[in-house]
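Single-structure report; data block below.
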Amino acid sequence: MIVLHATFPIKPEKRSEALDLTGDLVEASNREPGMVDYQAGMDVQDENVIRFFEQYEDADAFESHTRTDHFQEFEAALEDLLAGEPAVVRFDVESAAELEL
């Protein structure tokens, strides 16, 4: 499994636009073959930071995601939305298990 954690600092005046695009991206991404889960949320300490948590079955699913129209639309909009450099960390995971709390 491929897991990504991405952090995007957004210009405050572009927050609403960024949230709309993010909602569309999450909805469409979760329908992709090979997608385990695709989520986004606002950072609780900075409302102008969007965090993505993405889980793909494998590298092919991730590469396929980067070629979708919805991803490319979001990526094209980033230059106008970003207030700084995004940070993306990729994890190659051999196994995962749900924990009981």
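Brief remarks on what is shown
- Qualifying residue in segment 66-87 (condition: at pLDDT 95 or above, more than 13 Å from the chain's Cα centre (by Cα) and closer than 22 Å to Met1 by Cβ): yes
- Residue match in segment 52-67 (condition: over 15 Å from Arg90 (Cβ atoms) and either among the aliphatic types (A, V, I, L, M) or touching a helix residue (DSSP H, G or I) at 6+ places or on another chain (Cβ under 8 Å) (or both)): no
- Out of Met1, Met42, one residue alone is within 26 Å of Glu94 (Cα to Cα) and open to solvent by less than 70 Å² (accessible area, probe 1.4 Å). It is Met1.
- Residues in segment 13-60 that are charged (D, E, K, R) and free of Cβ contacts under 8 Å to residues at least 40 places away in the same chain: 11 in all.
- Qualifying residue in segment 47-59 (condition: part of a loop (DSSP other than H, G, I, E, B), within 13 Å of Thr7 (Cα to Cα) and either open to solvent by less than 40 Å² (accessible area, probe 1.4 Å) or basic (Lys, Arg) (or both)): yes
- Of all the listed residues (Glu75, Glu63, Glu98), the sole one being of a type outside the set (A, V, I, L, M) and assigned to a loop (DSSP other than H, G, I, E, B) is Glu98.
- Scanning segment 4-39 for residues that are more than 17 Å from Thr66 (Cβ to Cβ), of a type outside the set (A, V, I, L, M, F, W, C) and surrounded by 14 or more Cβ atoms within 10 Å (Cβ to Cβ) yields Thr7, Pro9, Lys11, Lys14, Arg15, Glu17.
The values are calculated or read from the model by the stated rules, or taken from the named source; none is laboratory data. These figures come from a predicted structure and were not determined experimentally. Please note: Cβ atoms are built from the backbone with ideal geometry, for glycine as well, and neighbour counts cover all protein chains shown. With ligands, DNA and RNA removed, areas are computed over all heavy atoms of the protein, side chains included. Shrake-Rupley method; radii C 1.70, N 1.55, O 1.52, S 1.80 Å.
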